[in-house]
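Comments concern the structure below.
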Amino acid sequence: LVEQVHVRVASWTDGSGVVHQAPADPQALSRFTYGLMKDRVQVTPEIEAQVAKLLTGVGDDPRARARRLYAWTRDSIRYCAVEVGMGGFVPHSSADVEKNRYGDCKDKANLLKTMLKVAGIDSRIVTIYADMWPEPFRLPVLAGNFNHAILLVDLASGPVWVDPTTRTTPFDDLPPVDEDRLALPISERGDPLTPTLASDPARERRVSDAQLTLGADGTAQGTFTLEVNGQFADGLRERLLSEPEARHAEVVGEMLPFDDARVARFTIENATPPEEVTPAIARGDVLTRVTAPLRPGSDALFSARSLWRSAVPLVTRDRKTPVVLGPRRSTVESVAVKLPPGVTAARTPPPFEIEAPQLRYTLSWTSVDGGVGVARELTLKVRVVSMDQMPAYLDASERIAAAEEQKAVLHGGDR
């Protein structure tokens, strides 16, 4: 919206007359930052003992060993930021973090780097600007480009991104705020800017299916199955860790796509944060509102929008800023609704499909003897809708909203 001017100090002279040069490019900034951090990697007998204990029985596979050390650092070191002076840029020593069992993002990354070193595995701390909105790289100062630190594990099979600050993200995956970024690995040689793991609809995926029976009062109840991967799985596990157990049914209900869902009995497979990427699967009973009350001799209207939350955010045509959709992801929803005795589906909307540069969307209805089925699938292909893409996105989102408002007609039978 506004033009910005960024000014940086290229060089300066200290009080003794010595001239200092500021980093002139990302590689120089990488080397400079390495000089600030290198003495914070401190191997102690306590760290060596901890590594030996954790790797007992793991075997010699470097990936398995790195995965175990990552999971322990993620789960066992509490997040607590104590930043005084250069503490905003330089981690505490790994010895202190292991002893105190707490640290901020760079502290946890540095401890994991030290433990990997003990295990004979190379790694690099990576500075990154973590946010849902992609930020361009600018050179002026570390603070202008980075607000977070993660780790790049250098395995023979290829580098693996990890973020030990998270409480639920598994090995070889990143939370949404770290994906699709330009990050700066910190090394003695000086590394260039490197793109992080890209969000992928095949990985960031939520699939739900429900078998419901519609009551005369317009509510439907039945069973559901929910399988979540990537950010959806991380989010569910994070909520389960953060919320009291009495609210877990509400947490599961909010993960379902229904506009109004009340979950009663439920189970969750793989609820504990895993070492490796693993889907979480919830099953249980659900109650949701579908239509107005059904009256004999009258019709009731039933739409995808009355069942589910909106698929995509709607924006006004006079919008002057890009739309942040978040990570590239996919959602698949299907519902089979058994109708009450005497109630029939007099009409269902036609199938709808649209492919745009930013998304792909399908909506279909089926009318079978004694019931109605609805299926919806959405794939978001981009993270941000730029202004030049806005017309196509506006058209697609408005057409999707109109399709979701189309009504199925349920006939209530004779009086």
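The values are calculated or read from the model by the stated rules, or taken from the named source; none is laboratory data. Note that the structure is a prediction, hence the values are computed from the model and not measured. Here the Cβ positions follow ideal geometry from the backbone for every residue, glycine too, while neighbour counts run over all protein chains shown. SASA here: full protein model, heavy atoms, side chains in, ligands and nucleic acids out. Shrake-Rupley method; radii C 1.70, N 1.55, O 1.52, S 1.80 Å.
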### Summary
Within region 279-320, the residues that are among the polar types (S, T, N, Q) and closer than 24 Å to Ile354 by Cα are Ser303, Ser306, Ser310, Thr316
### Query
Among the residues of region 308-323, how many are under 11 Å from Pro257 (Cα atoms) and either among the polar types (S, T, N, Q) or in contact with a helix residue (DSSP H, G or I) (Cβ under 9 Å, 6 or more places away or on another chain) (or both)?
3
### Task
From the list Pro159, Pro185, Pro201, pick out the single residue that is in contact with a strand residue (DSSP E or B) (Cβ under 7 Å, 6 or more places away or on another chain), buried (at least 22 other Cβ atoms within 10 Å of the Cβ) and of a type outside the set (A, V, I, L, M, F, W, C).
Pro185
### Task
Please work out which residue is nearest to Thr166 (Cα to Cα), limiting yourself to region 230-247 and to residues that are open to solvent by 30 Å² or more (accessible area, probe 1.4 Å) and not in a helix (DSSP H, G or I).
Glu243
### Message
Take the conditions farther than 28 Å from Val277 by Cα, within 21 Å of the chain's Cα centre (by Cα) and either at pLDDT below 95 or among the polar types (S, T, N, Q) (or both) and apply them to Pro136. Does it pass?
### Response
yes
### Query
Looking at region 79-113, which of its residues are touching a Cys at 6+ places or on another chain (Cβ under 9 Å) and exposed (fewer than 13 other Cβ atoms within 10 Å of the Cβ)?
Ala81
